[in-house]
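Have a look at the structure below, then the notes.
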Amino acid sequence: MASDNISSIKIGVAGLGRAFTLMLPTFLQDPRIQLVAATDPIAAARTQFEKDFQAITVDSVEALCALPDVEVIYIATPHQYHAAHVQMAAQHGKHCWVEKPMAISLEECTRMMDACQQAGVQLMVGHSHSFNAPVLRARELIASGELGQVRMITALNYTDFLYRPRRPEELNTALGGGVIHSQAAHQIDVVRLLGGGKVRSVQACTGQWDATRPTEGAYSALLQFENMAFATVTYNGYGHFDSDVWMDHVGEIGQPKPANESAQRYGQARRRLETTHHTDEESSLKAARNYGGPLYAPAAITSNAYQHFGPVVVSCDKGDIRLTPLGMWVYGPDKEYFEALPEPAYPRKEVIDELFQNLRGSGALTHSGAWSRASTEVCLGILEAATHQHAVLMHHQVGVQDGH
């Protein structure tokens with residue numbers, strides 16, 4: 001909580017789409033931040049923002065960056081614009097908080113880092129699920145040395161991601177579409193945080209199994225870390241099996257998914273798409289479901305569970321750790337036990353914790369530009385390894401402690 005003599009962080013929002021709506025419960029409840037302005041190409045979204053926050057909206061990202069009251073630009077625009085918008089914000093002397101993925105090429109990532117360094121402003125990337133409290137607590141246990149060194153990590157997730165309403169560029173890998181840029185960005189961040197950060201090489205296969213959704217919908221990769229630990233990461237976004245059944249029937253954003261309602265949920269994403277017959281209709285359906293649209297449904301303000309990105313098991317010398325939405329199971333040398341975490345005060349509080357500690361305290365950013373460029377490198381490595389069927393070596397990796 002911000003004390004009386006520490007001012008809240010004044011944020012300008014660039015993009016009021018899906019990423020913004022998932023952060024909205026945090027924005028509404030965290031007293032350490034204040035939303036003072038926003039921009040979005042959709043007028044209904046701007047009108048909704050003005051009503052909800054008694055704040056102004058402007059007609060471009062450049063106009064938002066020029067506002068003197070804005071301290072941080074939260075960049076939640078489409079992936080292909082992240083680099084340009086970070087550079088624009090930095091040139092105006094604004095700190096940058098950019099949604100994952102950081103960018104869609106390493107060259108863009110480097111330009112973003114250079115722009116912020118030259119301007120003397122901070123660059124934080126997220127939300128990614130490596131901010132989640134169970135992941136952070138598992139990292140603390142690993143760092144303590146109680147279970148010895150990490151040897152192997154297994155992470156997987158099965159969702160209906162590919163059949164949620166999409167704009168055309170979201171189904172175009174070259175423009176940042178598909179599950180590698182949008183979903184592997186979460187999973188790679190999680191396993192890098194738990195595995196020490198520095199990936200040495202990547203081997204992978206990807207799947208494109210539906211010609212009507214012409215991008216990667218699935219992948220499986222083997223990551224070798226410099227410390228000789230290794231991780232297998234698997235994702236399937238084709239919407240049949242739902243791995244939330246392995247996460248205590250809790251969904252990705254912490255919402256309950258009761259087992260007795262699974263038949264009703266099954267195939268829901270595909271059925272929704274059956275109402276659209278071309279890309280314009282699908283884009284309109286997505287816009288209607290976004291902030292300010294006629295079908296917009298706000299995310300839950302509170303939750304009894306933490307957000308997650310599917311099952312994760314970390315194997316160490318002396319035991320294993322299994323993450324859950326409520327805490328973690330520890331399978332130690334002598335006993336197994338469950339360490340419950342306190343219920344979340346509100347979703348994604350950990351994101352603001354890191355931002356606030358960096359800008360108002362003395363904390364370094366874990367999810368810095370260097371850290372996030374390294375995750376982007378692994379994601380791009382998955383694409384390259386799958387295309388050429390050989391291991392891809394990494395060159396821009398950083399450890400958990402030296403990511404800043």
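What the table shows:
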| quantity | calculated |
| --- | --- |
| Residue ID - modelled with the lowest pLDDT, chosen from residues in region 299-312 that are over 17 Å from the mean Cα position of the chain (by Cα) and crowded, with 16+ Cβ neighbours inside 10 Å | Ser303 |
| Subset of region 313-341 that is among the aliphatic types (A, V, I, L, M) and assigned to a strand (DSSP E or B) - its residue that is surrounded by the fewest Cβ atoms within 10 Å (Cβ to Cβ) | Ala340 |
| Which listed residue, of Tyr163, Tyr158, is under 18 Å from the mean Cα position of the chain (by Cα) and in the same structural domain as Met228 (by TED's automatic domain parsing) | Tyr158 |
| Criterion (over 17 Å from the mean Cα position of the chain (by Cα), within 27 Å of Leu171 (Cα to Cα) and modelled with pLDDT of 95 or more) met by exactly one of His85, His79 | His85 |
| Near pairs, Cβ below 7 angstrom, 6+ apart or cross-chain, from region 13-24 (without any contact (Cβ under 8 Å) to a residue 60 or more places away in the chain and part of a helix (DSSP H, G or I)) to any residue that is crowded, with 23+ Cβ neighbours inside 10 Å and of a type in the set (Ser, Thr, Tyr) | none |
| Cross-chain or 6+ apart pairs with Cβ under 6 Å, region 37-62 first and touching a residue at least 60 places away in the same chain (Cβ under 8 Å), then of a type in the set (Asp, Glu) | Arg46/Asp40 |
| Enumerated helices (runs of 4 or more DSSP H) restricted to region 74-153, each holding at least 3 residues that are under 30 Å from Met228 (Cα atoms) | 106-119, 133-144 |
| Tyr291 buried (at least 21 other Cβ atoms within 10 Å of the Cβ), hydroxyl-bearing (Ser, Thr, Tyr) and modelled with pLDDT under 95 | yes |
| Residue match in region 346-362 (condition: within 18 Å of Glu226 (Cα to Cα), crowded, with 22+ Cβ neighbours inside 10 Å and either touching a Pro at 6+ places or on another chain (Cβ under 9 Å) or not small (Gly, Ala, Ser) (or both)) | no |
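The values are calculated or read from the model by the stated rules, or taken from the named source; none is laboratory data. Small disclaimer: the values here were computed from a predicted structure and weren't measured. A quick note on method: Cβ atoms are made from the backbone with ideal geometry, for glycine too, and the neighbour counts reach across all protein chains shown.
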